[in-house]
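Here the structure comes first, spelled out in structure tokens, and everything after it is commentary.
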Amino acid sequence: MSFTIVEQATPRLNRSELAVPGSNERALQKAASLPADVVFLDLEDAVAPDDKVQARKNIIKAVNDVDWGGKTLSVRINGLDTHYMYRDVVDLIEQTGDRIDLIMIPKVGTAADVYAVDMLVTQVEEAMGKTKRLGFELIIETALGMANVDEIAAASKRNESLHFGVADYAASTKARTTVIGGPNPYYGVLTDKDGDAPREYHWGDMWHYAIARMVVAARANGLRPVDGPFGDFQDPDGYRAQAYRAAVLGCEGKWAIHPSQIELANEIYSPSEDEVTKAKRILEAMDQAQKEGKGAVSLDGRLIDIASIKQAENLVKKAESIAAA
Ligand code: GLV
Ligand code: MG
């Protein structure tokens with residue numbers, strides 16, 4: 001292990017993250033009753049410019065009036081290149097109590113963007129005498145943001161998670177897409193010629209690099225990596241496939257842009273019973289080895305390394321927080 005210890009951000013369940021437009025009052029009321037781990041109330045791209053001011057009022061009212069239970073509550077503010085952003089922050093913090101947990105910052109391009117919002121949030125929190133510190137969720141969704149992802153991830157103690165915003169990322173990189181967050185049939189490989197044998201075409205994942213890159217930056221800074229939207233909510237199989245591949249790369253959850261996607265994310269990002277059982281057996285074997293004064297731990301005739309023990313601990317902790325949710 002390195003002498004540098006990576007400090008972990010506040011742990012939270014983040015399997016599903018529901019996007020709720022601030023302009024949709026009915027959806028704001030309903031969101032609390034849905035089984036999403038995290039709900040983000042949106043002031044940014046789901047809200048048209050003419051509705052921004054009203055959406056801000058709606059969100060402040062919903063934060064104060066709705067019973068959000070044990071949910072993690074986040075608000076996506078407008079980008080730093082708009083004149084809405086400062087008032088989003090000021091009004092939200094001044095006009096709500098302690099119910100908001102996180103602020104989601106879209107289109108983060110540089111560490112200075114995070115620094116600027118941190119400065120503003122800190123001033124308003126202090127002026128209001130608040131003791132609860134808001135955490136930050138940062139969306140990596142531009143070429144600039146991806147180029148600076150390591151510095152961005154390390155930019156503030158408030159940082160909790162990085163999110164891959166595939167729709168804006170595609171626009172920023174001028175990638176050719178078909179469905180938001182889906183594969184493109186033109187991104188693939190053709191097997192070599194082999195006599196007269198038919199050649200096969202294998203689709204690839206055009207988002208592999210971006211997600212893997214973000215996961216590394218997040219994990220190296222103790223943050224949760226979270227996969228963003230999948231646009232076609234009438235395609236649960238497509239959603240599943242994209243959620244699984246992001247989970248395999250290390251993501252802890254995925255956005256739901258429609259209520260029907262919440263349960264899918266919760267299922268895919270929960271450890272399976274088999275995994276939990278195996279993790280518990282690893283921890284038991286470790287306990288046993290300690291009692292017997294043995295340095296090395298083995299299970300089913302195989303040596304268990306420290307990394308597997310850490311993973312087992314994390315998995316069991318996650319299973320416990322899911323059971324408690
Ligand atoms: C999310 O904000 C995205 O652009 O995909
Ligand atoms: Mg976006």
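The values are calculated or read from the model by the stated rules, or taken from the named source; none is laboratory data. Small disclaimer: the values here were computed from a predicted structure and weren't measured. Positions of Cβ are generated from backbone atoms using ideal geometry, with glycine treated the same way; all protein chains shown enter the neighbour counts. Ligands, DNA and RNA are excluded from the accessible area calculation, which covers all protein heavy atoms including side chains. Shrake-Rupley method; radii C 1.70, N 1.55, O 1.52, S 1.80 Å.
Pairs exceeding a 20 Å alpha-carbon distance, out of Lys61/Lys157; Lys157/Lys254; Lys280/Lys310; Lys52/Lys130; Lys107/Lys318: Lys61/Lys157; Lys157/Lys254; Lys52/Lys130; Lys107/Lys318. Here the accessible area of the chain is 53 percent carbon and sulfur, with a 1.4 angstrom probe and all protein chains present. I'd like the FRET efficiency for Asp232 and Ser33, computed as 1/(1 + (r/R0)^6) with the beta carbon distance as r and R0 of 30 Å, rounded to 0.05. Calculated value: 0.75.
Computed from the C-beta positions of Ala167 and Glu284, the FRET efficiency with R₀ = 51 Å rounds to 0.70.
Computed over segment 46-126, the P(r) tail beyond 18 angstrom holds 41 percent of alpha carbon pairs.
Residues in segment 1-118 average 47 Å² of solvent-accessible surface per residue, probe 1.4 Å, ligands and nucleic acids excluded. Per residue, the accessible area of segment 274-324 comes to 74 Å² when a 1.4 Å probe rolls over the protein heavy atoms. For a paramagnetic label modelled on Thr178 (point 7 Å from Cα along Cα→Cβ), amide N atoms under 19 Å away belong, within segment 219-241, to 229-241.
Once the C-beta distance of Ala307 and Tyr209 is scaled by a Förster radius of 25 Å, the resulting FRET efficiency is 0.55 to the nearest 0.05. Can you bin the chain into rounded, prolate or oblate? Criterion: square roots of the alpha carbon gyration tensor eigenvalues sorted a ≥ b ≥ c, rounded for a/c under 1.5, prolate for a/b above b/c, oblate for the rest. In terms of gyration-tensor shape, oblate.
When the Cα centres of segment 9-50 and segment 148-185 are compared, how far apart do they sit, in Å? After rounding, the separation between the Cα centres reads 18 Å. Stretching the chain fully between Tyr244 and Ala48 yields a gain of 67.3 nm (0.36 nm per residue, less the alpha carbon separation).
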